[in-house]
Every structure is written in structure tokens, then in C-alpha cells.
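The values are calculated or read from the model by the stated rules, or taken from the named source; none is laboratory data. What you see is a predicted model; the values in this text were computed from it and never measured. Cβ placement follows ideal geometry from the backbone for every residue including glycine, while neighbour counts extend to all protein chains displayed.
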């Protein structure tokens with residue numbers, strides 16, 4: 001059986017194309033980010049074959065690039081008749097390749113040069129963390145299954161030792177043909193992951209199974225496969241996110257403006273690095289990440305019970321939820337009527353972070369947040385000491401261009417060991433990645 005384990009081979013001499021970062025962020029990174037788990041820095045070789053669905057490969061590359069993956073497109077010659085290679089270059093910042101014998105593919109620096117360099121199909125395949133072929137035509141599936149290597153894509157396939165994923169797309173009768181079924185069965189036997197096509201209207205006018213799987217679905221499979229072998233594989237993490245609500249009466253609640261975006265992005269970033277993540281979620285204005293177990297806890301008391309029950313057994317706990325500091329001493333059974341002034345008698349809620357700091361169990365890194373309007377860093381340091389934290393993220397409710405309830409903000413990371421990292425205005429998923437990377441180095 002053909003090995004599909006992680007590649008341990010490293011090329012000497014020149015680097016393959018994805019080792020050269022583009023001078024500017026890829027176009028896809030400036031658009032809507034994928035809602036799937038992140039795969040930042042992972043190298044993905046994206047094979048595109050000559051099917052009508054070739055244009056959908058652009059969306060797949062955009063989704064993966066927007067998650068931080070470093071994509072390199074390799075096309076068949078037929079694919080170049082349907083879509084311009086320059087379209088992929090605009091998304092990845094890297095030269096799309098298709099001709100095995102072209103001098104600017106095989107030998108032009110810095111793709112490959114020098115006596116110790118490898119041919120481009122070897123260098124690309126051996127450097128990849130994953131090889132995705134989408135769409136995969138019946139022709140290319142048959143070649144891969146038979147070991148025929150007559151172009152750049154199929155030679156790269158035979159040289160790959162990383163996981164391989166194919167997403168077939170073709171006419172329904174071609175998909176159901178015994179020859180195609182044999183090709184797919186052989187690829188599965190060889191360890192290739194096959195994302196079966198969807199059923200629906202096809203470009204050829206027929207209806208049935210054969211339409212390329214949705215780009216989001218393909219991207220999710222890639223995320224799941226890479227996350228399973230991430231740098232935090234084997235680590236258990238608990239993250240809290242969202243706001244709590246404390247009832248005043250059957251209609252009204254005492255709450256805050258937190259969307260839960262930062263906490264969910266932190267959970268997503270941990271999962272993308274292979275960690276086993278439990279998200280204890282208050283009220284969220286955003287969707288929780290896929291692939292993460294969620295416990296709903298919408299009041300301070302419920303969140304305290306969940307965190308103190310689950311947290312001490314985890315390697316890492318990140319308390320990113322905006323837990324209310326007070327709740328009404330008494331909750332009205334009926335809707336409070338508007339009749340002059342209303343005075344509320346409040347009591348403090350559970351101090352979850354402090355309680356967990358005193359009952360750490362096996363927790364190796366305990367991180368929290370300090371949302372402050374003045375003397376932010378000084379108060380953050382005091383909170384870190386008082387609550388026995390290892391790391392605290394200090395931010396403000398309002399900053400120019402971002403803040404609470406918005407997609408961007410500023411932050412300062414402070415560590416018990418004296419570590420300090422200031423992060424200027426950035427998207428919350430980018431800040432979450434920096435937080436998770438710092439915690440990973442602390443383990």
C-alpha cells in the first residue's frame with residue numbers, strides 16, 4: 001500500500017514556490033475569511049484538471065489561502081484551456097505551473113536550480129503537507145490509479161508522500177461507469193481520500209451525481225486532515241467565549257456587548273493546530289467553529305459550574321468569555337411594568353477565573369482577558385497576579401476602527417515571565433492566532 005503519512009523529506013538547494021512568501025497578502029486573505037478551522041502556514045499542492053468545474057478551484061484556493069494556507073497550483077494542460085493560470089497566481093502570490101518540460105517550470109530559479117536541486121515535480125510533492133486534486137476528471141483519476149505519469153500533475157502525484165485528496169467532477173454516466181468505479185476503488189485502496197461528488201444539475205444538461213463537492217466542504221476536509229496532525233495534537237484545551245445573561249424578569253436580561261468572536265476564533269485556532277478543544281459558550285453573536293465540542297452556559301453560574309468541572313483536567317484554559325459581574329438578587333416572575341424609576345438590587349456573580357486559578361489541577365497554561373478603559377496594562381498585570389494567571393490579554397472596549405462587538409481590535413499580551421507583545425489593529429482571528437502561538441510556546 002502506498003504511504004500517505006506526513007512527508008519527512010526536505011529538499012536541499014532551492015525552495016519550492018510556496019517557500020517564497022508573496023510580497024503582499026494574497027487576494028483571498030483580504031476577502032471574507034472561511035468559517036472553517038484555520039490551517040495557517042500549511043503547504044497545500046492544489047491540482048486542477050480539465051473539467052468544467054475547474055473555475056471552482058479558485059474558490060477552494062481562496063478559502064484555503066484566507067485561512068493562512070500556502071497554496072501552490074499545478075494544472076493539467078487541459079485545465080489551462082478552461083481557466084487562466086494567472087487567476088491562481090493572483091490568489092496565491094505564487095507562479096501556477098503546468099508544463100513539465102517548460103524551461104521556466106523545470107529549471108528557472110528559484111523554483112529549482114543548482115546541482116543539488118530536485119526537479120519541480122519532486123520538490124513540490126515532497127514539500128507539501130497535503131496534495132489536493134479538485135476537480136479530478138475521470139481521465140486523471142484513471143491515470144493516478146494506474147500509475148501513469150505523463151504530465152506535471154500526475155508525476156507530482158507519484159512523488160508525493162503526503163496525504164492525497166481528490167474531489168471528482170464529471171458527467172453522471174462517467175461517474176457511474178465501471179472503469180471510473182475501479183479507478184476510485186484503487187485510489188481508496190492506495191490511501192487516497194475521495195470526496196464524492198454532489199448530486200444535482202450538471203453543466204452538460206443532465207442531472208445526477210457528478211457535480212464537484214461544494215468548495216466549503218472540500219476546504220473543511222482539508223482542514224480536518226491537517227489539523228489531525230497539528231503541532232498541538234494530543235493537547236486538551238478549554239476556551240470560554242461569548243457573553244452571559246442574567247434575567248431581570250421573563251423578558252429582560254442584564255448583559256453586555258460582547259459578540260464572542262475572539263473566544264470562538266481562539267477555539268478555532270487551537271483546533272486548527274490539532275488540539276482537542278472544548279468551547280464553553282455563553283450567548284454568541286457568531287457561529288461556533290466546526291469540529292469543536294460545545295457546552296452552552298449562558299449565565300455566570302452555569303459557566304462557573306462547567307468550567308470548574310471541565311477545566312482542571314485540561315492542559316490549557318483560556319477564559320475569553322465576557323462574564324457579567326453582577327446579577328439581580330431577585331428575578332421577577334412577571335414582566336416588570338414601566339412605572340417610574342426602577343431600582344435594582346444586584347449581587348456579584350461567581351469569580352470563575354479566580355476560582356480556577358486556585359484549583360488548577362493539571363492546567364499548564366491558564367490565560368485570561370482584561371478589558372479596561374484606563375491604565376490597561378497596569379490593571380492587567382494586577383489581575384494576572386491576583387488570579388494566578390500565566391498569560392493575560394489586555395484590550396480596550398473601543399479603539400479606532402475596532403473594539404468590542406466588532407471584527408478587529410488591538411491587544412497587548414502580558415506573561416507572568418515578563419513577556420510583552422503589543423498587537424496593533426488586527427482582525428480578531430489574527431490576534432487569536434498570535435495568542436494561541438504564544439500559548440503553544442509556553443507548553
Could you tell me which of the residues 422, 367 is assigned to a strand (DSSP E or B) and surrounded by fewer than 19 Cβ atoms within 10 Å (Cβ to Cβ)? 422
Taking the conditions exactly as written (assigned by TED's automatic domain parsing to the domain that holds residue 295, within 17 Å of the chain's Cα centre (by Cα) and farther than 17 Å from residue 428 by Cα), does residue 267 satisfy them or not? no
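For the structure I just gave you, tell me whether residue 317 is in a strand (DSSP E or B), surrounded by fewer than 17 Cβ atoms within 10 Å (Cβ to Cβ) and under 31 Å from the mean Cα position of the chain (by Cα).
Numbers: in a strand (DSSP E or B): yes; surrounded by fewer than 17 Cβ atoms within 10 Å (Cβ to Cβ): no; under 31 Å from the mean Cα position of the chain (by Cα): yes.
No, not satisfied.
Do the conditions hold for residue 289, that is, is it within 27 Å of the chain's Cα centre (by Cα) and in a helix (DSSP H, G or I)?
On the way: within 27 Å of the chain's Cα centre (by Cα): yes; in a helix (DSSP H, G or I): no.
So residue 289 does not fit the description; no.
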Could you check the range 240-255 and list, in sequence order, the residues that are surrounded by fewer than 18 Cβ atoms within 10 Å (Cβ to Cβ) and outside any strand (DSSP E or B)? 249, 250, 251, 252, 255
Output the residues belonging to the range 63-89 that are at pLDDT 90 or above, in a helix (DSSP H, G or I) and touching a helix residue (DSSP H, G or I) at 6+ places or on another chain (Cβ under 7 Å). 63, 64, 65, 79, 82, 87, 88
Tell me, yes or no, whether the range 18-32 has at least one residue that is assigned to a helix (DSSP H, G or I), surrounded by fewer than 17 Cβ atoms within 10 Å (Cβ to Cβ) and modelled with pLDDT of 50 or more. no
Check residue 406 against each of (1) outside any loop (DSSP other than H, G, I, E, B); (2) within 21 Å of the chain's Cα centre (by Cα) and name the one condition it does not meet. (1)
Restricting the range 139-152 to residues that are assigned to a helix (DSSP H, G or I) and modelled with pLDDT of 95 or more, the one farthest from the chain's Cα centre (by Cα) turns out to be 146
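Scan the range 409-429 residue by residue and report those that are in contact (Cβ under 8 Å) with a residue 60 or more places away in the chain and over 23 Å from the mean Cα position of the chain (by Cα).
Selection gives nothing.
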Take residue 433 and decide whether it is assigned by TED's automatic domain parsing to the domain that holds residue 271, in contact (Cβ under 8 Å) with a residue 60 or more places away in the chain and closer than 26 Å to residue 232 by Cα. yes
Within the range 346-361, can you find the residues that are at pLDDT 95 or above and part of a loop (DSSP other than H, G, I, E, B)? 349, 350, 351
For the range 378-388, indicate whether the set of residues that are at pLDDT 95 or above and touching a helix residue (DSSP H, G or I) at 6+ places or on another chain (Cβ under 6 Å) is non-empty. yes
Matching residues in the range 389-403 - criterion: being in contact with a helix residue (DSSP H, G or I) (Cβ under 8 Å, 6 or more places away or on another chain), under 19 Å from residue 258 (Cβ atoms) and outside any loop (DSSP other than H, G, I, E, B): 392, 393, 394, 395
Can you find even one residue in the range 327-343 that is outside any helix (DSSP H, G or I), more than 23 Å from residue 418 (Cβ to Cβ), in contact with a helix residue (DSSP H, G or I) (Cβ under 9 Å, 6 or more places away or on another chain) and in contact (Cβ under 8 Å) with a residue 40 or more places away in the chain? yes
Against the definition (touching a helix residue (DSSP H, G or I) at 6+ places or on another chain (Cβ under 8 Å) and either over 30 Å from residue 223 (Cα atoms) or surrounded by fewer than 14 Cβ atoms within 10 Å (Cβ to Cβ) (or both)), how does residue 351 come out, yes or no? no
Within the range 370-388, considering residues that are assigned to a loop (DSSP other than H, G, I, E, B) and in contact (Cβ under 8 Å) with a residue 24 or more places away in the chain, the one surrounded by the most Cβ atoms within 10 Å (Cβ to Cβ): 387
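With the requirement that a residue be within 18 Å of residue 130 (Cβ to Cβ) and surrounded by fewer than 24 Cβ atoms within 10 Å (Cβ to Cβ), what does the range 66-87 give you?
Once the filter is applied, which keeps residues that are within 18 Å of residue 130 (Cβ to Cβ) and surrounded by fewer than 24 Cβ atoms within 10 Å (Cβ to Cβ), the range 66-87 yields 66, 68.
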